[in-house]
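Following: one structure in structure tokens, then a few remarks.
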């Protein structure tokens, strides 16, 4: 069997954004481009048992079915004209895409097809466009005067607003619906012939973390506020029996990460109809998912949604009163749609990569064959290891065995910690872990306190970062070492990104059992993080249970850099200079401190990348990242 290599990242596809109409299924396929600088996104059609590509241009990821189901609309700019967007219509029975509209602004996206002649479109607008056009030197600087002023993956967003348009296919008119220029649209919902949107209006001040809900009059664009901003996080809206329901988190007991519950929209606002204590959506941490997905659907007066359960995804249904189990899958569910034929979904089964599936009751059929790409390669199978968490409850994690494993021979091992923290590791094919297993490492991982997939209480580590989660992590490590005595305890490595980077920084300041570490896009100092991250300061106030203003001692106590004098572990730091979630300043603090204390360290900074480097960064940068981490572990553990 061939080993998994860094280059495999270039040939393994990602799938998502699945949509259906009558007997047709269309979804997006993403694959690294030939230059390794980005990804080609193409539309794929599944019909009558056949799977075929619809497009080949490589830029089609935003699309919607026409109401007659005979074609799809998508947006793009195939002419590569500056400050332009185009709307195309592609027949599904063959033929080329037809350009049907041109817009004098870049970035228009399809949000919804209302009927045969009307579409909802969104676009991001810069309120300072005129001032910048009048200033020939405007590209030389940025003026910031509001919060938030930047956001990970989007860059500087000061004075940027997402607006909503109604486009008429017959008259060719594009009408602005969100006429308040300071209003920023988050989402829109066409429900029972009525348009609802979420968002908030702000100017030179902090935008609300939780959006408001509004009903929109299509005639004049007037907004009627139904739910004021700042009251709760509207995860989704749907209609059952002509009543509007919301899947909403009110942050009543567990802060900003509290899971949403079911509410009915009334004249008095949202009224709870069913309590729910589960992790909604696909919370699984993976590194082969460059295409986004849709996590819910309404069909035959039932609302279907994805729930993450411990280490896998399931689909549930809600009928307005009670929940029903619909589908349990061994791995992830990235995107799905319910039809008369069954549930079509994109997901990755245990130990596999993403495929297209059809579920009919308990029967699940694989419709694509992406795993054939790995038929001659060593794919390590997940081996379960149980351990007792800090409450004495049995939890489990997994171990990947090294390629050509021989009992009685000693091997190095790598502990991989997921981000979030409210995420979870599934059992699916994880490229970086499989790479290390192919290179002769045991690889082990689990879902400690703070992870998604169990109830709110298990996921709640507010004010406890580095305490119960650290104890869980060490308990799991002990169990793995006991279960696999062929792991050389003198050659252990630890790595993780984001929250996993925080934990890596924390681990090396509290134990010497790991002989090498790779800290990725990490948090080092809550005192600095509170006012440099794009999700600050509400994240720090909520998660660390304190702030610089009222409890700086708490922030310092839970900051890994406080314990840097204890560190002896050689550590690699991976950061990106456009990461606004865990900014480069956090990594440089730890790197500088370790060098100042005589600890061997190295730092690799990726230009033009953000917090998503390991998942959606340029393929050539992702490969360089893997080389940096792998070479570091090879140097210190082999």
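Could you tell me how many of the residues in segment 217-228 are surrounded by 19 or more Cβ atoms within 10 Å (Cβ to Cβ) and either out of contact with any strand residue (DSSP E or B) (no Cβ under 9 Å at 6 or more places or on another chain) or part of a loop (DSSP other than H, G, I, E, B) (or both)?
Residues flagged as surrounded by 19 or more Cβ atoms within 10 Å (Cβ to Cβ) and either out of contact with any strand residue (DSSP E or B) (no Cβ under 9 Å at 6 or more places or on another chain) or part of a loop (DSSP other than H, G, I, E, B) (or both) within segment 217-228 amount to 0.
Sort through 182, 214 and tell me the only one that's in contact (Cβ under 8 Å) with a residue 12 or more places away in the chain, assigned by TED's automatic domain parsing to the domain that holds residue 147 and surrounded by 21 or more Cβ atoms within 10 Å (Cβ to Cβ).
Of the residues listed, the single one that is in contact (Cβ under 8 Å) with a residue 12 or more places away in the chain, assigned by TED's automatic domain parsing to the domain that holds residue 147 and surrounded by 21 or more Cβ atoms within 10 Å (Cβ to Cβ) is 214.
List the number of the failed condition for residue 351; all other conditions in (1) in contact with a strand residue (DSSP E or B) (Cβ under 9 Å, 6 or more places away or on another chain); (2) modelled with pLDDT of 95 or more hold.
It is condition (1) that residue 351 fails.
Report the residue count in segment 60-108 for those that are surrounded by fewer than 16 Cβ atoms within 10 Å (Cβ to Cβ), touching a residue at least 12 places away in the same chain (Cβ under 8 Å) and in a strand (DSSP E or B).
Within segment 60-108, residues that are surrounded by fewer than 16 Cβ atoms within 10 Å (Cβ to Cβ), touching a residue at least 12 places away in the same chain (Cβ under 8 Å) and in a strand (DSSP E or B) number 4.
Among the residues of segment 12-53, how many are crowded, with 19+ Cβ neighbours inside 10 Å and not in a strand (DSSP E or B)?
Residues meeting the conditions: 2.
Specify which of the listed residues (328, 380, 350) is closer than 22 Å to residue 437 by Cα and within 23 Å of the chain's Cα centre (by Cα).
The conditions single out 350.
If a residue must be under 22 Å from the mean Cα position of the chain (by Cα) and in contact (Cβ under 8 Å) with a residue 60 or more places away in the chain, how many such residues does segment 459-486 contain?
The qualifying residues number 5.
Please work out if residue 575 is buried (at least 21 other Cβ atoms within 10 Å of the Cβ) and either within 21 Å of residue 544 (Cβ to Cβ) or touching a helix residue (DSSP H, G or I) at 6+ places or on another chain (Cβ under 9 Å) (or both).
Yes: the conditions hold for residue 575.
Residues in segment 593-601: is at least one on the phi > 0 side of the Ramachandran plot and at pLDDT 95 or above?
Yes, there is a match, as at least one residue in segment 593-601 is on the phi > 0 side of the Ramachandran plot and at pLDDT 95 or above.
Could you check residue 368 against (1) assigned to a loop (DSSP other than H, G, I, E, B); (2) surrounded by fewer than 18 Cβ atoms within 10 Å (Cβ to Cβ) and say which number it fails?
(2)
Mind listing whichever residues of segment 520-574 are in contact with a strand residue (DSSP E or B) (Cβ under 8 Å, 6 or more places away or on another chain) and farther than 22 Å from residue 144 by Cβ?
Answer for segment 520-574, where residues must be in contact with a strand residue (DSSP E or B) (Cβ under 8 Å, 6 or more places away or on another chain) and farther than 22 Å from residue 144 by Cβ: 520, 521, 522, 569, 570, 571, 572, 573, 574.
Assess whether residue 209 counts as being in contact with a helix residue (DSSP H, G or I) (Cβ under 9 Å, 6 or more places away or on another chain), surrounded by 16 or more Cβ atoms within 10 Å (Cβ to Cβ), farther than 30 Å from residue 66 by Cα and at pLDDT below 95.
yes
Kindly indicate whether any position in segment 232-255 is closer than 17 Å to residue 188 by Cβ and touching a helix residue (DSSP H, G or I) at 6+ places or on another chain (Cβ under 8 Å).
Looking through segment 232-255, at least one residue is closer than 17 Å to residue 188 by Cβ and touching a helix residue (DSSP H, G or I) at 6+ places or on another chain (Cβ under 8 Å).
Any idea which of 415, 356 is under 15 Å from residue 445 (Cα atoms), assigned to a strand (DSSP E or B) and not assigned by TED's automatic domain parsing to the domain that holds residue 50?
Exactly one residue qualifies, and that residue is 415.
Looking at (1) touching a residue at least 12 places away in the same chain (Cβ under 8 Å); (2) closer than 30 Å to residue 576 by Cβ, which is the one condition that is false for residue 138?
Evaluating residue 138 over (1) touching a residue at least 12 places away in the same chain (Cβ under 8 Å); (2) closer than 30 Å to residue 576 by Cβ leaves (1) as the failure.
Is it the case that segment 243-256 has a residue that's in contact (Cβ under 8 Å) with a residue 40 or more places away in the chain, part of a loop (DSSP other than H, G, I, E, B) and on the phi < 0 side of the Ramachandran plot?
Checked against the condition, which is being in contact (Cβ under 8 Å) with a residue 40 or more places away in the chain, part of a loop (DSSP other than H, G, I, E, B) and on the phi < 0 side of the Ramachandran plot, segment 243-256 yields at least one hit.
Please count how many residues of segment 583-610 are in a loop (DSSP other than H, G, I, E, B) and within 27 Å of residue 442 (Cα to Cα).
The number of residues fulfilling the criteria is 2.
Conditions tested, residue by residue: (1) under 26 Å from residue 433 (Cβ atoms); (2) modelled with pLDDT of 95 or more.
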| site | (1), (2) |
| --- | --- |
| 257 | yes, no |
| 263 | no, yes |
| 303 | no, yes |
| 306 | yes, yes |
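Within segment 597-620, which residues are over 25 Å from residue 561 (Cα atoms) and surrounded by fewer than 19 Cβ atoms within 10 Å (Cβ to Cβ)?
608, 615, 620 - these are the residues of segment 597-620 that are over 25 Å from residue 561 (Cα atoms) and surrounded by fewer than 19 Cβ atoms within 10 Å (Cβ to Cβ).
On the basis of being out of contact with any helix residue (DSSP H, G or I) (no Cβ under 6 Å at 6 or more places or on another chain) and part of a helix (DSSP H, G or I), does residue 536 make the cut?
In short, no.
Can you name the residue in segment 492-509 that is under 15 Å from residue 593 (Cβ atoms) and over 25 Å from the mean Cα position of the chain (by Cα) and is also surrounded by the fewest Cβ atoms within 10 Å (Cβ to Cβ) among such residues?
509
Filter segment 436-458 down to residues that are closer than 22 Å to residue 373 by Cα and surrounded by fewer than 22 Cβ atoms within 10 Å (Cβ to Cβ) and give me whichever is farthest from the chain's Cα centre (by Cα).
440
The values are calculated or read from the model by the stated rules, or taken from the named source; none is laboratory data. Quick caveat: nothing in here was measured; it's all calculated off a predicted structure. Backbone-built Cβ (ideal geometry, glycine too); neighbour counts: all protein chains shown.
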